[in-house]
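For reference, the structure discussed in these notes is given below.
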Amino acid sequence: MPLVLAIETSCDETSIAVVEDRKILSNVVLSQIEIHQKFGGVVPEIAARQHLRNLPIIYNQAIKESSIHVSEVDAIAVTIGPGLIGALLVGLSFAKGIAVSLRKPLVGVNHLLGHVCAANLFFDRLSPPYIALLVSGGHTELLLFDKSTTQPKILGKTLDDAAGEAFDKVARLLNLGYPGGPAIEKISKNGDPRRYNFPRAILERENFDFSFSGLKTSVLYLLQKEKNVAPWDIAASFQETVVDILVQKATNALEKTGLRKLVVSGGVASNARLREKLNQRAAEMGFELYIPPKIFCTDNAAMIAQAAIEMIKEGVSFPLSVTADPALSF
């Protein structure tokens with residue numbers, strides 16, 4: 001079984017992990033949320049500088065917690081995109097240095113694949129074929145993993161804002177701060193999810209694309225039109241709309257393909273209301289639902305390590321000259 005040391009620095013989490021095929025030996029994550037909160041979002045240059053500062057520290061911690069000698073690893077994995085170019089290059093340079101010094105192969109990992117492979121860390125019985133709903137800060141996609149665990153077919157994706165972006169933008173409109181997802185989820189607990197009937201775009205049964213820009217704009221127009229509105233009702237209604245769209249699209253894809261397995265991953269997958277409605281629908285329709293623990297839905301190196309392990313199993317290799325691609329996709 002491959003033993004992999006992985007590095008994740010695509011945005012504002014610095015993380016290093018050691019994983020032995022679905023067994024996490026260590027997974028150290030340093031978040032920069034408090035640093036970026038005062039700016040209302042991630043500042044790319046600050047993020048890159050923090051990664052540069054954090055990596056040597058958590059590298060030693062991750063090795064110590066794994067109880068291995070670093071020379072025992074079979075490969076070095078690193079996120080090569082998508083993400084912030086400066087942040088990605090810091091992690092990639094660090095990974096290349098380790099790979100050269102240890103004479104180990106380097107595996108460049110698509111961050112999006114990492115999110116999907118987070119489920120493999122916790123569900124031994126998970127294997128293709130399955131549908132994956134990827135809902136992260138910048139991406140909302142429906143993917144079909146037929147025979148391969150690393151090369152999906154894209155069934156649908158967002159045409160404008162991703163779900164996570166919509167959460168952040170609506171949270172900003174409501175003055176809830178950054179990050180928007182947890183802030184909206186928290187305030188929604190006191191709100192009425194049916195108070196406002198926001199638009200649910202592209203719900204045609206055969207269309208698996210997403211659009212959240214109009215939903216965000218509807219919230220803006222409501223705030224401009226009505227001055228004395230309860231922010232918790234707006235937040236709850238907005239959250240319910242996003243969740244309904246995601247659940248409906250994912251289950252439509254299952255029905256269209258005839259598959260009975262659904263993987264849900266990415267930062268938005270930590271949303272409690274989304275998890276609740278997915279579990280309800282799984283019970284009603286009888287499909288298998290695979291969602292990683294909340295802490296592994298957000299960015300971490302363990303998911304990057306597992307993605308690299310799946311790539312190694314399928315014979316994927318990379319030259320040391322591999323570079324970062326901030327717009328990398330499937």
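General observations
- Failed criterion for Cys11 (all others in (1) of a type in the set (A, V, I, L, M, F, W, C); (2) buried (at least 24 other Cβ atoms within 10 Å of the Cβ); (3) more than 16 Å from the chain's Cα centre (by Cα) hold): (3)
- Residue pairs whose Cβ atoms lie under 6 Å apart, separated by 6 or more positions or on different chains, with the first residue in the range 205-223 and of a type in the set (D, E, K, R) and the second part of a loop (DSSP other than H, G, I, E, B) and surrounded by fewer than 18 Cβ atoms within 10 Å (Cβ to Cβ), are Asp209/Leu159; Asp209/Ile202.
- The set of residues from the range 67-95 being hydroxyl-bearing (Ser, Thr, Tyr) and part of a helix (DSSP H, G or I) comprises Ser71, Ser93.
- Being within 30 Å of Ile33 (Cα to Cα) and modelled with pLDDT of 95 or more holds for only one residue in Ile154, Ile131, Ile98, and it is Ile98.
- Residue match in the range 300-307 (condition: in contact with a helix residue (DSSP H, G or I) (Cβ under 9 Å, 6 or more places away or on another chain) and farther than 23 Å from Ile58 by Cβ): no
- When Gln224 is tested against (1) surrounded by fewer than 20 Cβ atoms within 10 Å (Cβ to Cβ); (2) under 30 Å from Val116 (Cα atoms); (3) of a type outside the set (Phe, Trp, Tyr), exactly one condition is not met: (2).
- Only strands (runs of 3 or more DSSP E) whose full extent lies in the range 99-151 are considered here, and the ones with at least 1 residues that are hydrophobic (A, V, I, L, M, F, W, C) and assigned by TED's automatic domain parsing to the domain that holds Ile85 are 106-110.
- Taken over the range 152-173, the residue count meeting the criterion of being assigned to a helix (DSSP H, G or I) and polar (S, T, N, Q) is 0.
- Residues (surrounded by 19 or more Cβ atoms within 10 Å (Cβ to Cβ), hydrophobic (A, V, I, L, M, F, W, C) and under 30 Å from Lys186 (Cα atoms)) located in the range 290-330: Ile291, Phe296, Cys297, Ala301, Ala302, Met303, Ile304
The values are calculated or read from the model by the stated rules, or taken from the named source; none is laboratory data. Quick caveat: nothing in here was measured; it's all calculated off a predicted structure. Here the Cβ is made from the backbone with ideal geometry for all residues, glycine too, and neighbour counts use every protein chain on show.
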